[in-house]
Amino acid sequence: MDFTLSTRQGRIGTVVEVAGDLDMSTTPELRDQLRLLAESGVRAVVVDLTGVGFLDSSGLGALVVAYKDLRERGGSLSLAGVGRSVRTVLSITSVDRVIDVFDSVDDAEEAARVS
């Protein structure tokens with residue numbers, strides 16, 4: 001599967017839709033996009049991982065760095081549409097205890113709206 005990355009305006013903030021494997025060859029694109037969003041003043045980011053079947057340590061690291069960067073700027077990052085294999089990685093590494101994980105983008109946006 002080819003890697004694709006797109007952003008769109010969501011109800012609360014920006015949704016970053018990722019499809020394909022998130023590994024050391026594709027992670028730099030995601031990392032750069034998340035950094036640009038944080039630097040541009042976006043405060044709420046939902047990363048939609050519905051189309052991601054594989055996540056390695058570089059992808060995991062990019063998500064954690066983006067989470068910290070947004071948090072330091074008063075923003076938030078959450079994950080949505082996480083499949084079984086990616087959820088396993090998040091659980092084993094305990095990242096799911098730090099970054100909020102939702103079943104859908106709608107659920108993530110609703111949680112952000114309420115908080």
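Radius of gyration (Cα atoms) of the stretch 5-52, expressed as a multiple of 2.2 N^0.38 Å: 1.10. One chain, two ends: SER57 and THR4. Fully extended at 0.36 nm per residue, the span grows by 17.2 nm beyond their Cα-Cα distance. Over the stretch 50-102, the Kirkwood radius and the radius of gyration, each from Cα atoms, give a ratio Rg/Rh of 0.95.
Potential lengthening of the chain between THR50 and SER94 amounts to 13.9 nm, from the contour at 0.36 nm per residue minus the alpha-carbon distance. Secondary-structure-derived ellipticity at 222 nm for the chain, considering helices only, amounts to -13000 deg cm²/dmol, per-run term -39500 (n - 2.57) for DSSP H runs with n ≥ 4. Cα-based values for the stretch 73-114, radius of gyration first and Dmax second, are 10.8, 31 Å. For log10 I(q)/I(0) by the Debye sum over Cα atoms at q = 0.14, 0.19 Å⁻¹, the value calculated from this model appears in (1) -0.70, -1.01; (2) -0.48, -0.94; (3) -0.62, -0.91 under label (2). Charge dipole (Cα centre; +1 on Lys/Arg Cβ, -1 on Asp/Glu Cβ; no other charges) of the stretch 26-94 amounts to roughly 220 debye.
In debye, nearest 20: dipole of the chain around its Cα centre with unit charges on the Cβ of K, R (+) and D, E (-)?
Numbers: 12 positive and 18 negative charges, 76 e Å.
Dipole magnitude for the chain comes out near 360 debye.
Estimated from the Cβ-Cβ distance and a Förster radius of 30 angstrom, the FRET efficiency linking ARG113 and ASP23 is about 0.35.
The numbers here are math on the coordinates, done by the rules we state, and not lab data. The shown structure was predicted, so the numbers you read here are calculated from the model rather than taken from an experiment. Methodologically, a virtual Cβ is constructed for each residue, glycine included, from the backbone with ideal geometry; neighbour enumeration extends over all protein chains shown.
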